[in-house]
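Asker: Quick one: structure below, then a few questions.
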Amino acid sequence: DDREPAIWTDGLAKNYGNTVAVDDLHLEIAPGEVFGLLGPNGAGKTTTILMLLGLSEPSAGQARVVGLDPTRQALEVKRRVGYVPDNAGFYGGLTGQQNLEYTAQLNGLDPATRRDRIASLLDEVGLAERADEPVRTYSHGMRQRLGIADALLKDPEVLILDEPTLGLDPRGADQVLDLVNDLASQRSVAVLLASHLLGQVQVVCSRVGIFVDGRMVASGTVDELAAQHGGRLVVEVQT
Ligand code: ATP
């Protein structure tokens, strides 16, 4: 693949005083790829995401996101990268549709295209039928999917999701992961997904990186990693 990587890092690192949150990270994620950032709480996943978004200054190394340097072009990164935090805030009293309209307005989407785009996104994430109900009536999984629709309003080339399946029942998790899979394969969006539950997310990950104490100790396809571990790969998690 000779396309520019969607995400690339070279020796990226972050220290908080004596704590090494991320150490010497080398990543390369292609358009259309779903990369899983796997590891227990405190392994450095969120810190990595914050550096890629330009929200945290690296202590060393470099990153490029859609060719941009997040330390100098954070606003442009924000325009072109969708971010779904693990607990996206919506206005519970507003409907799903109204929440998306609010974001679309903030993003400066022109009113003529806004309606169609929101309708098609609500359909894409499976919320069309509930679009006119207040978000406070939505399940956690529905909110998660609304978060993805919200992040897709700007038609991003990269989508970053922090713990997208956390707290979801198996059906809700499957719905979110199916959506992620479709986005990567049909829209060629690069997806970076952080999770501490390998078993839950591995079906959609083209590759995963295993993080322990700030270091990516292994990376590859789940099959490759499992082969190195006698056919089974278990990521121990403590929360
Ligand atoms: P979680 O899922 O809990 O967010 P994580 O894998 O995302 O875990 P990070 O939040 O990136 O891990 O944290 C990595 C390490 O850096 C941890 O030891 C954490 O305590 C430390 N850390 C993170 N943010 C700060 C901060 N602002 N100040 C000091 N230490 C921090």
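Asker: Return yes or no: is GLY54 touching a Lys or Arg at 6+ places or on another chain (Cβ under 9 Å), part of a loop (DSSP other than H, G, I, E, B) and not β-branched (Val, Ile, Thr)?
Answerer: When the stated conditions are applied, GLY54 passes them.
Asker: Is it fair to say GLY11 is in a strand (DSSP E or B), in contact (Cβ under 8 Å) with a residue 12 or more places away in the chain and surrounded by fewer than 22 Cβ atoms within 10 Å (Cβ to Cβ)?
Answerer: So GLY11 passes the test.
Asker: For the stretch 20-29, give me the residue count where each residue is within 12 Å of the ligand (Cβ to nearest atom) and either small (Gly, Ala, Ser) or within 19 Å of VAL201 (Cα to Cα) (or both).
Answerer: So the answer is 1.
Asker: Only one residue in ALA88, ALA43 is assigned to a loop (DSSP other than H, G, I, E, B), at pLDDT below 95, over 26 Å from ARG117 (Cβ atoms) and of a type outside the set (Asp, Glu), so which one is that?
Answerer: Only one candidate qualifies: ALA43.
Asker: On the given criteria, is GLY54 more than 15 Å from the ligand (Cβ to nearest atom) and buried (at least 21 other Cβ atoms within 10 Å of the Cβ)?
Answerer: For GLY54, the condition - more than 15 Å from the ligand (Cβ to nearest atom) and buried (at least 21 other Cβ atoms within 10 Å of the Cβ) - is met.
Asker: Among the listed residues LEU166, LEU159, which satisfies the condition of being within 16 Å of the chain's Cα centre (by Cα), touching a residue at least 40 places away in the same chain (Cβ under 8 Å) and surrounded by fewer than 19 Cβ atoms within 10 Å (Cβ to Cβ)?
Answerer: Step by step, each of LEU166, LEU159 is checked, and only LEU166 is within 16 Å of the chain's Cα centre (by Cα), touching a residue at least 40 places away in the same chain (Cβ under 8 Å) and surrounded by fewer than 19 Cβ atoms within 10 Å (Cβ to Cβ).
Asker: So PRO85 passes all but one of these: (1) in contact (Cβ under 8 Å) with a residue 12 or more places away in the chain; (2) surrounded by 16 or more Cβ atoms within 10 Å (Cβ to Cβ). Which condition number does it fail?
Answerer: (2)
Asker: Further, regarding this structure: List the residue pairs whose Cβ atoms are under 9 Å apart, where the first residue sits in the stretch 30-49 and is over 20 Å from ALA6 (Cβ atoms) and within 6 Å of the ligand (Cβ to nearest atom), the second is polar (S, T, N, Q) and part of a strand (DSSP E or B), and the two are 6 or more positions apart or on different chains.
Answerer: What qualifies is GLY39/SER195.
Asker: Report whether or not ILE148 is of a type outside the set (Lys, Arg), touching a residue at least 24 places away in the same chain (Cβ under 8 Å), farther than 23 Å from MET216 by Cβ and in contact with a Leu (Cβ under 9 Å, 6 or more places away or on another chain).
Answerer: yes
Asker: Just checking, which of GLU101, GLU76 is away from the ligand (no atom under 16 Å from the Cβ), crowded, with 18+ Cβ neighbours inside 10 Å and either among the acidic types (Asp, Glu) or part of a loop (DSSP other than H, G, I, E, B) (or both)?
Answerer: Matching residue, one of GLU101, GLU76: GLU101.
Asker: Do we find that LEU121 is part of a helix (DSSP H, G or I), in contact with a helix residue (DSSP H, G or I) (Cβ under 9 Å, 6 or more places away or on another chain), more than 16 Å from the ligand (Cβ to nearest atom) and at pLDDT 95 or above in this structure?
Answerer: No; evaluated as a whole, the condition is false for this residue.
Asker: Please specify each residue of the stretch 160-200 satisfying the condition of being of a type in the set (Asp, Glu) and within 16 Å of the ligand (Cβ to nearest atom).
Answerer: Once the filter is applied, which keeps residues that are of a type in the set (Asp, Glu) and within 16 Å of the ligand (Cβ to nearest atom), the stretch 160-200 yields ASP162, GLU163.
The values are calculated or read from the model by the stated rules, or taken from the named source; none is laboratory data. Not measured: the values here are computed from a predicted model. In this analysis, Cβ positions are derived from the backbone assuming ideal geometry, glycine residues included, and neighbour counts consider all displayed protein chains.
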